[in-house]
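The values are calculated or read from the model by the stated rules, or taken from the named source; none is laboratory data. In this text, all values refer to a predicted model and were calculated from it rather than measured experimentally. Cβ: placed from backbone, ideal geometry, glycine included. Neighbour counts: every protein chain shown. The accessibility values were calculated without ligands, DNA or RNA, using every heavy atom of the protein model including side chains. Shrake-Rupley method; radii C 1.70, N 1.55, O 1.52, S 1.80 Å.
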Amino acid sequence: MTDVPAVRLRVLGPLEVIGGGDRELTPSAPKLRQLVALLVVSGNRIVGIHEMMDELWGSSPPASALATLQSYIYKIRKNVFEVLGDTGVSLHTKPNGYRLDVPAGVLDVHGFEELIDQGRKALDGGDAETAAELLAGALAFWRGVPLANVDPGDQLGVQITRYQERRKHALELRLEAELQLGRHRELIGELKTLCSNHPLDEGMHSKLMIALYRSGRRHEALETYQTFRRGMIDELGLEPSPMLARLHTAVLVAEPELHLDGESTLELALRPVQIVSEYIDAASGHTVAGNEDDGEWGEPAGSRIAAAAGLPLGGPTQQVRSVPRPAQLPPDIADFTGRAKVLTRLESRLAECRDQHAPLPVLWITGMPGVGKSALATRLAHRVRDRFPDGQLYVDLRGGGADPVHPRTVLHRFLAALGEPRSALPDDIDEASELFRSRCASRSLLFLLDSAATTAQVRSLLPGNGDCAVIVTSLAHGLAGSELVLLDPLCDDEAHQLLTSIIGPQRAGENPSAVDRIVELCGGLPLSLRAVGTRLSRLPGWPLGQFAERLADPRRRLAESSLPGLDLRASYHAEFQQLDERDRLVMQLFAMRAGDPFTAEDAAEQLGCDLVSAEGVLARLAERHLLQAAGTKEGLVGYSVHELVRVYTLQRLAGN
């Protein structure tokens, strides 16, 4: 018998922190309980300061959020984790957040997941008896709704949903094992309850149909199918899947292979594989039952079902190719900061467009170099990925470099990821694009096209249907019909929060005025703030005030706020190279102006040209993100040069 650990953390039900002697240590204050829950479910992973703030206060944290969070950390460290003593459960302060160490066997989720994996392996190995026992043990960890005594924010809400999906998966595996063991009669009541609670779940209804059929209640199995079909049509306007339709046909013709001695058809019913679109089309257009007058009822039922499944009519069963579900998104950034309103708006936009008859939603995220386009796009993609069940595809188009990726190369990569044999990929880009759109037509996919050089590079990479979605990042302005998202630098509060999350709240609190100065000199650009923060984290003894003084020197600023892979100078250089000589000279003149915004009339006076010519050059420089444009109090368009762009331009002028 396994010993019960002295310390137990439970989240598969109300949150419980149990110390030695069964001492209850769960905080009573709601916010403290919420914070403990976040640390526990993120066990052995650093939870960033911003993650905690997002969870506790969402997009509207109070002005004192950082100080309040630090007081919460102090309380739970003292009253919960330090009380646990030398048990291996301990809370550690990290440069950009906190990490709760959770040993094996302490958190109920770990035991739950381990038994699921073991049960799955036993089932795949043909040991249904062991699988049923292991999976029942996994489900026994559940004590109710996960974190039932916690008011969850966005992050805990995602975890709760994930846990519930995993429980449903474990339940389906256990039911499958029980059916293989011939316990169909015992399962009917449970399956009827599950089908009532999940009226559109095909897997549960298929298992109920099999259990009823094997129990001699074929008419109820057929009624179950008809009830499910009516619900699908009424609620979604869809017919049941070909897999369930084949099972219905097998029940209708009293297919003997549905009994336990018919392994091939049992496998089809209990372990449905995803079938490529041409097989699905063939199955949905095949009349299995036929017409009695045509003599088709004389054909063996097993052959008819094989034909409907797209399998050969004779000889050994061949394995049907499965449809890949790519998951290519790059890792989300743990200390992503700010942009809450933009993320909410873009999530709503994607939700509105999830309609087969709607135009393809294309979100085109643009802004000056270093403003955080890729980070925002990645965070957005991770937040909406569950809405695209057929997968997510990603590519870095390398638009900021000298050698952008050719669209044909991207199409070939995407088609291969979607299951197309590489030997069948057409070399002609138009043919490849047509094949790509065909393969996307019946799927719900999310595409992240990062760092596009031009709209032409993107155009052939777009699927054709509105059940997909595309997120593009680019210095160029958007494709016709796309929704343009122009990112500005972070506001002071968000920039301060990002730098603090990287260097740690304790160090930031040692010299707040130096932190403010560093934030100001970086101009709110996440890339520069991250480079500066990383540099400071590597040199923990470097006084912040001394670093701020070095950064204030224009000759050093770009070098001090850059690291390999985090360097704005290459992006600025590429933008300048695309200007003609006259526009470069104009940009240098603007960089020498005072920092206040200026209008087109001011520019015309400075350049000694007419207003139309001045507006033209201003538009070209703003399109390259070398100028920032914003409305003025007088209703005019005001232009300004970002501080780091100014420094780079003046360095070019000086020949540095």
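Scanning the stretch 220-230 turns up no residue that is touching a Gly at 6+ places or on another chain (Cβ under 9 Å), surrounded by fewer than 17 Cβ atoms within 10 Å (Cβ to Cβ), in contact (Cβ under 8 Å) with a residue 24 or more places away in the chain and not basic (Lys, Arg). Based on what the data block shows, is Arg569 within 19 Å of Ala654 (Cα to Cα), more than 38 Å from the chain's Cα centre (by Cα) and modelled with pLDDT under 90? Against the criterion (within 19 Å of Ala654 (Cα to Cα), more than 38 Å from the chain's Cα centre (by Cα) and modelled with pLDDT under 90), Arg569 does not qualify. Only one of (1) over 24 Å from Leu252 (Cβ atoms); (2) in contact (Cβ under 8 Å) with a residue 40 or more places away in the chain; (3) open to solvent by less than 60 Å² (accessible area, probe 1.4 Å); (4) not aliphatic (A, V, I, L, M) is not met by Glu202, so which one is it? Condition not satisfied by Glu202: (1).
The set of residues in the stretch 517-536 being touching a Gly at 6+ places or on another chain (Cβ under 7 Å) and outside any helix (DSSP H, G or I) consists of Leu525 alone.
Of all residues in the stretch 42-71, those that are outside any strand (DSSP E or B) and open to solvent by 40 Å² or more (accessible area, probe 1.4 Å) total 14.
On the basis of being over 25 Å from Leu12 (Cα atoms) and in contact with a Phe, Trp or Tyr (Cβ under 9 Å, 6 or more places away or on another chain), does His92 make the cut? It is false that His92 is over 25 Å from Leu12 (Cα atoms) and in contact with a Phe, Trp or Tyr (Cβ under 9 Å, 6 or more places away or on another chain).
When Glu186, Glu176 are checked against the criterion of being among the charged types (D, E, K, R) and open to solvent by 30 Å² or more (accessible area, probe 1.4 Å), Glu186 stands alone in meeting it. Considering only residues that are of a type in the set (A, V, I, L, M, F, W, C), assigned to a helix (DSSP H, G or I) and surrounded by 19 or more Cβ atoms within 10 Å (Cβ to Cβ), which ones fall in the stretch 487-516? Within the stretch 487-516, Ala495, Leu498, Leu499, Ile502, Ile503, Ala508, Val515 meet the criteria. A Cβ distance below 7 Å, combined with a sequence gap of six or more or placement on separate chains, defines the contacts here; from the stretch 158-185, residues that are in contact (Cβ under 8 Å) with a residue 12 or more places away in the chain and part of a helix (DSSP H, G or I) reach residues that are open to solvent by 70 Å² or more (accessible area, probe 1.4 Å) and basic (Lys, Arg) in the pairs Leu173/Arg120. Each residue in the stretch 423-453 was checked for being of a type in the set (Ser, Thr, Tyr) and touching a residue at least 12 places away in the same chain (Cβ under 8 Å), and 4 pass.
The selection criterion, being more than 18 Å from Ser433 (Cβ to Cβ) and in a loop (DSSP other than H, G, I, E, B), holds for Val371.
Here Pro27, Pro61 are screened, and the one residue that is closer than 25 Å to Arg143 by Cβ and assigned by the TED database to the domain that holds Asp151 is Pro27. Criterion applied to Ala132, Ala138, Ala122 was being open to solvent by less than 20 Å² (accessible area, probe 1.4 Å) and within 21 Å of Ser206 (Cα to Cα), and the one residue passing it is Ala132. Of the helices (runs of 4 or more DSSP H) lying entirely inside the stretch 546-615, those containing at least 3 residues that are under 24 Å from Gly372 (Cα atoms) and of a type outside the set (Asp, Glu) span 554-560, 568-577.
In the set (1) out of contact with any helix residue (DSSP H, G or I) (no Cβ under 7 Å at 6 or more places or on another chain); (2) open to solvent by less than 10 Å² (accessible area, probe 1.4 Å), Leu484 fails one condition alone, (2).
This table checks each residue for (1) under 27 Å from Val515 (Cα atoms); (2) not aliphatic (A, V, I, L, M).
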{"residue": "Ser561", "(1), (2)": "yes, yes"}
{"residue": "Pro564", "(1), (2)": "yes, yes"}
{"residue": "Asp583", "(1), (2)": "no, yes"}
{"residue": "Phe598", "(1), (2)": "no, yes"}
{"residue": "Ala619", "(1), (2)": "no, no"}
{"residue": "Val641", "(1), (2)": "yes, no"}
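One line per residue, one yes/no per condition, for (1) at pLDDT below 50; (2) assigned by the TED database to the domain that holds Asp386:
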| position | (1), (2) |
| --- | --- |
| Ala309 | yes, no |
| Ala334 | no, no |
| Arg345 | no, yes |
| Arg349 | no, yes |
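Across the stretch 72-112, the number of residues qualifying as in contact with a strand residue (DSSP E or B) (Cβ under 7 Å, 6 or more places away or on another chain) and in a loop (DSSP other than H, G, I, E, B) comes to 7.
Kindly establish whether Asp201 is acidic (Asp, Glu) and touching a Cys at 6+ places or on another chain (Cβ under 8 Å). Against the criterion (acidic (Asp, Glu) and touching a Cys at 6+ places or on another chain (Cβ under 8 Å)), Asp201 qualifies. When you go through Ser571, Ser613 one by one, which is the residue that is more than 24 Å from Leu487 (Cα to Cα) and open to solvent by 10 Å² or more (accessible area, probe 1.4 Å)? The unique qualifying residue is Ser613. Restricting the first member to the stretch 134-152 and to residues that are outside the structural domain of Leu38 (by the TED database) and at positive phi, and the second to residues that are open to solvent by 30 Å² or more (accessible area, probe 1.4 Å) and hydroxyl-bearing (Ser, Thr, Tyr), no beta-carbon pair is closer than 8 Å while six or more apart or on different chains. Of everything in the stretch 7-21 that is without any contact (Cβ under 8 Å) to a residue 60 or more places away in the chain and touching a Ser or Thr at 6+ places or on another chain (Cβ under 9 Å), the residue that is most open to solvent (accessible area, probe 1.4 Å) is Glu16. Scanning the stretch 83-104 turns up at least one residue that is open to solvent by 60 Å² or more (accessible area, probe 1.4 Å), of a type in the set (A, V, I, L, M, F, W, C) and closer than 23 Å to Arg162 by Cα.
Only one entry in Arg45, Arg77, Arg33 is assigned by the TED database to the domain that holds Arg10, closer than 23 Å to Gly13 by Cβ, basic (Lys, Arg) and at pLDDT 85 or above, namely Arg33.
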